[in-house]
Amino acid sequence: MSFFLLVPMLVLFVMARSTGLHDMLARSVSSGDSAAATGYDSVRSAVTEYLFGHGELPATVFSGREIAHLQDVQLLFMLQSVVLAIAAMVCIGTATYLYTRGAAMADLIRRGAAWGFGPLIAFGVAMALFFDQLFIVLHRVLFTNDYWLLDPVEHILIRAYPPVFFQQFAVITFGIVVAAYLSVWTTLAVFKKR
């Protein structure tokens, strides 16, 4: 079960830290207005740096509401780091225990990938069909306030990260996780036959 959590969280952790990915996605959703998308590069860079503990958000750029929301997001990213570390320790500990009991490591990893693949596909289908609704539910569950409700006219954060940005981010994350599960499972299945 921990392997099921570990792979998606690791992919999300790495992707969330990539300012370059944020800029590329933002430009792709900017309706062809690359000048407007490029104008938010410094905003996205400041947000990424802040979320991972490097710097502060300038009050001259972000409103109090945006800063409060990003403080909440930063806490979630810190929590994700803790959960990722715990999942890695549980995964390594469980695999070590089972290996010392005679289980084949390849079989353990392949089973973990198979267990993760089913729920992942179900989640991917749900995201494809109901992204907007799930996005709202996710925010209502993760945040105890309404600071995530931003107005594009007033708030630069929602202009730098429009909702379609998160949809494309989810699609890319889903694709990478599916590819990771499939490649691990296929590679180990091929080696098992040899």
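The values are calculated or read from the model by the stated rules, or taken from the named source; none is laboratory data. Note that the structure is a prediction, hence the values are computed from the model and not measured. Glycine also receives a Cβ, built like all others from the backbone with ideal geometry; neighbour counts cover every protein chain displayed. Keep in mind that these areas ignore ligands, DNA and RNA; they rest on the heavy atoms of the full protein, side chains included. Shrake-Rupley method; radii C 1.70, N 1.55, O 1.52, S 1.80 Å.
Assessment of the range 131-143 against the conditions (closer than 30 Å to Ser42 by Cβ and touching a residue at least 60 places away in the same chain (Cβ under 8 Å)) yields at least one matching residue.
Does Val7 satisfy being open to solvent by less than 30 Å² (accessible area, probe 1.4 Å), closer than 30 Å to Ala114 by Cβ, among the hydrophobic types (A, V, I, L, M, F, W, C) and modelled with pLDDT under 80?
yes
Give the range 153-171 a look and list any residue that's at pLDDT 90 or above, in contact with a helix residue (DSSP H, G or I) (Cβ under 6 Å, 6 or more places away or on another chain) and either open to solvent by 70 Å² or more (accessible area, probe 1.4 Å) or not in a helix (DSSP H, G or I) (or both), or say none. Scanning the range 153-171 gives a single hit, His155. Taking Thr144 as the residue in question, decide whether it is open to solvent by 70 Å² or more (accessible area, probe 1.4 Å) and closer than 26 Å to Gly64 by Cβ. So Thr144 fits the description; yes.
Across the range 48-88, the qualifying residues are those that are more than 20 Å from the chain's Cα centre (by Cα) and without any contact (Cβ under 8 Å) to a residue 60 or more places away in the chain, and the one among them that is least open to solvent (accessible area, probe 1.4 Å) is Leu57. When the residues of the range 92-144 are filtered to those that are outside any helix (DSSP H, G or I) and of a type outside the set (Lys, Arg), the one that is nearest to Gln74 (Cα to Cα) is Phe143.
Checking the conditions here, which among Phe191, Phe174 is touching a residue at least 40 places away in the same chain (Cβ under 8 Å), under 16 Å from Val11 (Cα atoms) and open to solvent by 60 Å² or more (accessible area, probe 1.4 Å)?
Phe174
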